[in-house]
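No lab work stands behind these numbers, since they all come straight from the coordinates. Just so we're clear, the structure is a prediction, and the values are computed from it rather than from any experiment. Cβ: placed from backbone, ideal geometry, glycine included. Neighbour counts: every protein chain shown.
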2 protein chains.
Amino acid sequence: MDEPGFTPRSLAECRIAIVGLGLMGGSLALALRDHCREIIGVEADSNARAFARSHSFVNRLTDFDLALGASDFLILATPVCTILAQLASIHNSQFTIHNRQSSVIILDLGSTKSAIGSAMEKLPPPFDPLGGHPMCGKEIGGIENADPDLYRGKTFVLTPLPRTTPNALALAHELIAALGATPLLLDAGTHDRYAAAISHLPYALSVALMRVALATKDEAQWRMAASGFRDATRLAASDLTMMSDILLTNRTPILDSLKQFRAELDALAAAIESGDPDSLRAALESAQTKRSELFKP
Amino acid sequence: MDEPGFTPRSLAECRIAIVGLGLMGGSLALALRDHCREIIGVEADSNARAFARSHSFVNRLTDFDLALGASDFLILATPVCTILAQLASIHNSQFTIHNRQSSVIILDLGSTKSAIGSAMEKLPPPFDPLGGHPMCGKEIGGIENADPDLYRGKTFVLTPLPRTTPNALALAHELIAALGATPLLLDAGTHDRYAAAISHLPYALSVALMRVALATKDEAQWRMAASGFRDATRLAASDLTMMSDILLTNRTPILDSLKQFRAELDALAAAIESGDPDSLRAALESAQTKRSELFKP
């Protein structure tokens with residue numbers, strides 16, 4: 001045991017607990033195992049626990065309350081509403097509040113940040129929280145799809161709170177560097193507005209597009225679906241719990257993005273209806289230029 | 001020279017002219033060169049002609065009017081409005097109308113079929129036309145990206161006209177088999193409605209989505225754009241001439257699809273706004289189920 005009041009100053013000194021060993025948490029465990037003192041896993045699903053154990057993802061598995069007491073750096077890698085429930089449960093964890101003398105950094109990987117930030121502000125003193133959101137993922141989740149390079153080259157957003165200590169922020173940066181990711185500091189509100197436009201709106205469009213196509217009951221239509229339709233609807237296949245948690249905890253920015261989107265779509269419909277090639281081309285051109293610049297084929 | 005009135009009964013007997021040696025026409029030339037008597041290329045761009053010549057895509061290059069006289073099977077592989085102009089120009093081609101005694105099958109690869117079908121109906125007697133639309137492509141066009149396997153495993157829609165002969169339809173099926181594609185017979189109107197929902201609507205969404213994101217002038221937002229945004233906006237990078245030709249020649253079905261889409265999006269916005277997890281999940285679920293069934297990861 002460390003002396004009471006011990007606070008790690010580097011990742012190598014940390015006992016890291018990862019709560020939720022799915023795609024994100026599992027990939028994190030694989031990427032971090034040579035960069036810290038110990039990795040403690042917490043996972044509700046027995047199959048995922050068995051997979052984590054047999055593939056040496058973690059040094060040991062335990063439950064949430066014990067992980068709070070045994071770690072210096074707790075990472076919540078579950079869907080947003082589960083993270084909110086876990087943060088709420090910490091208040092009732094007698095063990096933590098009374099037996100901890102050193103601080104515990106808490107970082108979450110949730111896809112929306114304002115609701116989680118508010119819940120983190122209310123945590124009792126031993127905790128040193130900050131928000132995080134790595135901009136990566138895969139179409140299929142689960143620990144069996146975990147990949148130590150999932151985070152490599154990707155943007156990892158950090159949303160520190162007013163109470164976040166410089167030490168917690170420095171260790172979060174060290175963790176991001178160990179993953180091969182690039183940090184991006186944003187306040188939670190800005191993150192949520194950008195995420196609405198860049199991630200949640202595309203998901204909503206993808207779902208509505210599938211629903212339009214579903215209204216036609218002719219197999220021939222699906223036989224015409226090629227790579228364009230496949231890519232445009234890919235997000236509709238996302239995990240329902242993850243996505244409904246996102247939509248429910250980021251309602252205002254998403255509804256604002258939907259409103260902006262409707263205005264853009266109406267303008268485009270008007271250009272199509274006008275039948276004027278020049279105004280139509282003008283409506284399409286800025287989108288083509290920026291998209292081509294953003295993602296080189 | 002063949003005897004006057006010669007009509008080929010198999011692809012192997014055909015002199016095939018391909019008008020437009022871009023991605024689609026170039027790939028067609030590569031896939032067909034061992035399946036027919038001769039491939040004649042027609043291409044306006046001198047760089048593409050030089051590439052076709054140096055890489056043996058065709059047996060010879062000529063101009064449109066000469067190709068009309070020298071081929072048994074003419075394939076129009078240009079954007080929709082160029083196809084319409086080419087079909088109109090045939091009426092003025094004295095050579096063709098007066099000097100041809102045998103018929104010429106005309107197949108186009110245009111992305112919309114009603115306007116082209118109407119133009120084909122007006123062709124003079126030596127021509128035996130039908131519409132086609134292979135459901136494949138690539139993000140980047142051009143003959144330098146041509147691939148003999150571009151059509152393999154893909155759906156190739158045929159939209160025969162009332163005047164299309166059984167011989168032309170049989171040869172089009174033989175051509176599709178030679179490409180390794182699968183034929184799908186539809187009338188032009190049905191094709192255009194399905195294409196609006198499955199291809200033109202996703203393009204419009206992709207453009208409007210880019211335009212929403214462009215309204216935010218902060219580089220941080222683009223750093224958050226991950227694979228979801230990349231795929232959701234891929235179609236916005238499509239060739240502007242090809243796409244504006246499509247939007248201008250399929251206006252009514254596209255505007256109908258946009259109307260259906262707005263209704264679906266409004267329903268989804270209402271479910272998000274309600275904050276009720278069950279009705280939200282119900283709105284997302286059918287799209288997820290069908291998308292997962294359509295495209296196995």
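Ordering of B:65-78, A:191-204 by packing is A:191-204, B:65-78, highest average first (other Cβ atoms within 10 Å, averaged per residue). The reciprocal of the average 1/r between distinct C-alpha atoms defines the Kirkwood hydrodynamic radius, which for segment A:187-275 equals 14.7 Å. For segment B:210-297, give the magnitude of the charge dipole about the Cα centre (Cβ charges: +1 Lys/Arg, -1 Asp/Glu; no others), in debye to the nearest 20. The dipole magnitude comes to about 280 debye. Taking the Cα centre of chain B as origin and assigning +1 to Lys and Arg Cβ atoms and -1 to Asp and Glu Cβ atoms, the resulting dipole is close to 100 debye.
In a fully extended conformation the segment linking residue B:65 and residue B:255 would gain 64.7 nm over its present Cα-Cα distance, using 0.36 nm per residue. Of the DSSP H helices in chain B, those that are both long (alpha-carbon extent of 27 Å or more along the helix axis) and hydrophobic (Kyte-Doolittle mean at least -0.5) are B:251-274. Structural descriptor for chain B: relative contact order 16 percent, calculated from alpha carbon pairs under 8 angstrom and at least 6 residues apart.
Remark: segment B:157-229 carries a charge dipole of roughly 160 debye about the Cα centre, counting +1 on each Lys and Arg Cβ and -1 on each Asp and Glu Cβ. Estimated at 0.36 nm per residue, the fully extended path between residue B:296 and residue B:144 surpasses their Cα-Cα distance by 51.7 nm. When the Cα positions of B:237, B:179, B:257 are compared along the charge dipole of segment B:164-297, B:237 comes out farthest toward the positive end, with charges on each C-beta of Lys, Arg, Asp and Glu.
Classify the protein assembly as shown: rounded, prolate or oblate, from the alpha-carbon gyration tensor (a ≥ b ≥ c, eigenvalue square roots; a/c under 1.5 rounded; otherwise prolate if a/b is larger than b/c)? In terms of gyration-tensor shape, prolate. Working from the Cα coordinates of segment B:95-180, the gyration tensor eigenvalues give, after taking √(5λ), semi-axes of 26, 14, 14 Å in decreasing order. Starting from the Cα of residue A:226, step 7 Å toward the Cβ, then list every residue of segment B:68-85 with an amide N under 19 Å from that point. Taking a point 7 Å out along Cα→Cβ of residue A:226, the residues of segment B:68-85 whose backbone N falls under 19 Å are B:75-84.
Placing a label point 7 Å from Cα along the Cα-to-Cβ direction at residue A:216 gives distances to the equivalent points in the other copies of 3.3 nm, listed shortest first. Ranked from shortest, the separations from the 7 Å Cα-to-Cβ label point of residue A:180 to its equivalents in the other copies are 3.2 nm. Computed from backbone phi with θ = phi - 60° and the Karplus coefficients 6.51, -1.76 and 1.60, the 3J(HN,Hα) list for segment B:222-231 is 5, 5, 7, 6, 10, 4, x, 5, 4, 6 Hz; x is used for glycine and proline. 3J(HN,Hα) along segment B:129-140, derived from phi through the Karplus expression 6.51 cos²θ - 1.76 cosθ + 1.60 where θ = phi - 60°, amounts to x, 7, x, x, 8, x, 8, 8, x, 8, 4, 10 Hz, with x in place of Gly and Pro. Check cross-link reach from residue A:217 to the lysines: straight Cα distance under 23 Å, and skip same-chain residues fewer than eight apart. Candidates past the 8-residue exclusion: B:113, B:154, B:259, B:290, B:296.
Taking the Cα atoms of segment A:1-80, the ratio Rg/Rh between the radius of gyration and the Kirkwood radius comes to 0.96. Apply the Debye scattering formula to chain B, with a single equal point scatterer on each alpha-carbon and no solvent, then give log10 I(q)/I(0) at q = 0.08 Å⁻¹. At q = 0.08 Å⁻¹ the computed log10 ratios are -0.41. Taking the label point 7 Å along Cα→Cβ, residue B:65 and its counterparts in the other copies are spaced 9.2 nm apart, in ascending order. Here the contact order of segment B:87-198, divided by its residue count and restricted to Cα pairs under 8 Å and six or more residues apart, works out to 27 percent.
On the basis of the beta-carbon distance and an R0 of 41 Å, residue A:165 and residue B:217 show a calculated FRET efficiency of 0.80.
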